[in-house]
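Novice: Dumping the structure here so I can ask a few things about it.
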Amino acid sequence: MLTERLKSKHIILASSSPRRQELIKGLGLEFEIRIKPVKEEYPDRLRHFEISDYLAQLKSMPFVEELKPNDILITSDTIVWFDNKALGKPIDTNEAFQMLKSLSGHTHEVITSVCFKSVDSQKTINSITKVTFKSLTDAELWYYINNYTVLDKAGAYGIQDWIGQVGVTKIEGSYFNVMGFPMDKIYNTLLTF
């Protein structure tokens, strides 16, 4: 259904995330991956989904001049919101440990924003999922950090990894949103964009 609706469109996914690429492939869409580096900085006044909305839109800016009439550009950003602050990607394993230690035994929110841009329009959506971790030991946290890729993930974890299997006790909202792409909302937006 979606492939028929978008057959005259050229989808550009501006993400190096293998998870996002795999998820959008699951919609049966043909797409091109096009990456442009962007410094992921945002004004201090922004809070909660305003941060991920801003960053998703920021990531679309370098493409503006080169979009063609049938292009739909998709950019996105995910943050973890906990204790009234945003957790992005950790800079090293020590910061990853501190992030995971703070999330252990608590509930946090994963917020993903997705920006859809064409030559003449732009729409930004976001999705919020609550995730609860059991209390994890330091040994469990270090096992995860040392055996999985954590530095490319907001909040230093991937729900699809070992830590999601053994540590997540409750999830309220979209599982795929926690992976970095709220597929239900992306599908509905592409149907009407």
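Novice: With (1) more than 19 Å from the chain's Cα centre (by Cα); (2) modelled with pLDDT under 95; (3) of a type outside the set (A, V, I, L, M) as the list, and residue 89 as the residue in question, which single condition is left unmet?
Specialist: The one condition residue 89 does not meet is (1).
Novice: Cβ-Cβ below 8 Å, separation at least six or inter-chain, first residue in the stretch 32-53 and of a type outside the set (S, T, N, Q), second part of a loop (DSSP other than H, G, I, E, B) and surrounded by 14 or more Cβ atoms within 10 Å (Cβ to Cβ): which pairs?
Specialist: Taking only residues 6 or more apart or on different chains, the pairs are 33/14; 33/15; 34/14; 35/14; 35/15; 36/14; 40/88; 51/42.
Novice: Then there is this: Only one of 174, 127 is closer than 18 Å to residue 88 by Cβ, in contact with a strand residue (DSSP E or B) (Cβ under 7 Å, 6 or more places away or on another chain) and small (Gly, Ala, Ser). Can you tell me which?
Specialist: Just one listed residue meets the conditions, 127.
Novice: Name the single residue that is surrounded by the most Cβ atoms within 10 Å (Cβ to Cβ) among those in the stretch 138-152 being part of a loop (DSSP other than H, G, I, E, B) and free of Cβ contacts under 8 Å to residues at least 24 places away in the same chain. Talk me through it step by step, then tell me what you get.
Specialist: First, pick out the residues of the stretch 138-152 that are part of a loop (DSSP other than H, G, I, E, B): 148-152.
Checking the rest, the ones that are also free of Cβ contacts under 8 Å to residues at least 24 places away in the same chain come to 148-149.
Details: 148: 15, 149: 10.
Selected residue: 148.
Novice: Among the numbered criteria (1) β-branched (Val, Ile, Thr); (2) over 15 Å from the mean Cα position of the chain (by Cα); (3) at pLDDT 95 or above, which one does residue 125 miss?
Specialist: Result: residue 125 fails condition (2) only.
Novice: Read through the list (1) touching a Pro at 6+ places or on another chain (Cβ under 7 Å); (2) in a helix (DSSP H, G or I); (3) charged (D, E, K, R), then give the number of the only condition that residue 36 fails.
Specialist: Of the numbered conditions (1) touching a Pro at 6+ places or on another chain (Cβ under 7 Å); (2) in a helix (DSSP H, G or I); (3) charged (D, E, K, R), the odd one out for residue 36 is (2).
Novice: Also, quick follow-up: With the structure loaded, tell me whether residue 143 is under 19 Å from the mean Cα position of the chain (by Cα) and either closer than 28 Å to residue 124 by Cβ or not polar (S, T, N, Q) (or both) or whether it fails that test.
Specialist: Working: under 19 Å from the mean Cα position of the chain (by Cα): no; either closer than 28 Å to residue 124 by Cβ or not polar (S, T, N, Q) (or both): yes.
Judged against the criteria, residue 143 is not a match.
Novice: Would you check which residues across the stretch 105-124 are under 12 Å from residue 48 (Cβ atoms) and among the acidic types (Asp, Glu) and list them?
Specialist: 109
Novice: Which residue, of 174, 104, is modelled with pLDDT of 95 or more and closer than 21 Å to residue 24 by Cα?
Specialist: Details: 104 fails: closer than 21 Å to residue 24 by Cα.
Going through 174, 104 in turn, just one is modelled with pLDDT of 95 or more and closer than 21 Å to residue 24 by Cα: 174.
Novice: Just need a number here: residues in the stretch 1-53 that are of a type in the set (S, T, N, Q) and closer than 16 Å to residue 70 by Cα.
Specialist: Residues in the stretch 1-53 being of a type in the set (S, T, N, Q) and closer than 16 Å to residue 70 by Cα: 2 in total.
Novice: A further question on this structure: With the requirement that a residue be over 25 Å from residue 158 (Cβ atoms) and in a loop (DSSP other than H, G, I, E, B), what does the stretch 48-85 give you?
Specialist: The answer is 67, 68, 69, 70.
The values are calculated or read from the model by the stated rules, or taken from the named source; none is laboratory data. Since we're looking at a predicted model, the values are computed, not measured. Neighbour counts run over all protein chains shown; Cβ positions are idealised from the backbone, glycine included.
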